[in-house]
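The values are calculated or read from the model by the stated rules, or taken from the named source; none is laboratory data. All values derive from a computational prediction rather than experimental measurement. A quick note on method: Cβ atoms are made from the backbone with ideal geometry, for glycine too, and the neighbour counts reach across all protein chains shown.
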Amino acid sequence: MSISDNTPAKSTLRTTAADRRRAAETSADVAESTQATASEPTEPAPATAATEPLTEAPLGILDTDAEDRPAPREPRPRIRWGAIAWAIIVGSIAALTLSVTRTAAGRADFALWLAQLTPGGIWLIVVLTAGGILFLLGLLSVIRRAQRAR
């Protein structure tokens, strides 16, 4: 935090003689009105014929068009498609792992398959896995780009 953050802006520090005079007049008027109300009750001023109703609101205080305008729409929540895709991937891998290792026979079959893999089979699995991951990353980047375009 810098020192300038704690100090008021220069425009608020400058006051003119007219500003000080107006402030003194209003404080004197307030003091007189409080003394008058405390000593005796006042009656409302009688209406005169010279009084005219206000036909136009000063400074646009009343805005009749504001009632006709619909409320601004809130933005819809963003759907995180990447999170959905990864949840599907991780969930399917977990379901596959549970289905294979659920029974003792399934675990024995999986162990036998792993023991019979050749080095070429291992490399094939590695390459297919890397290709699948690259495909998923590309698909997720396309989804992300489509979301940003909206």
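When the range 118-134 is filtered for residues that are over 27 Å from ILE88 (Cβ atoms) and either part of a loop (DSSP other than H, G, I, E, B) or under 42 Å from the mean Cα position of the chain (by Cα) (or both), only THR118 remains. When the criteria are applied in full, LEU137 meets the requirement of being free of Cβ contacts under 8 Å to residues at least 60 places away in the same chain, hydrophobic (A, V, I, L, M, F, W, C) and in a helix (DSSP H, G or I).
Inside the range 77-107, residues that are loosely packed, with under 10 Cβ neighbours inside 10 Å and either assigned to a helix (DSSP H, G or I) or at pLDDT 80 or above (or both) make up a count of 3.
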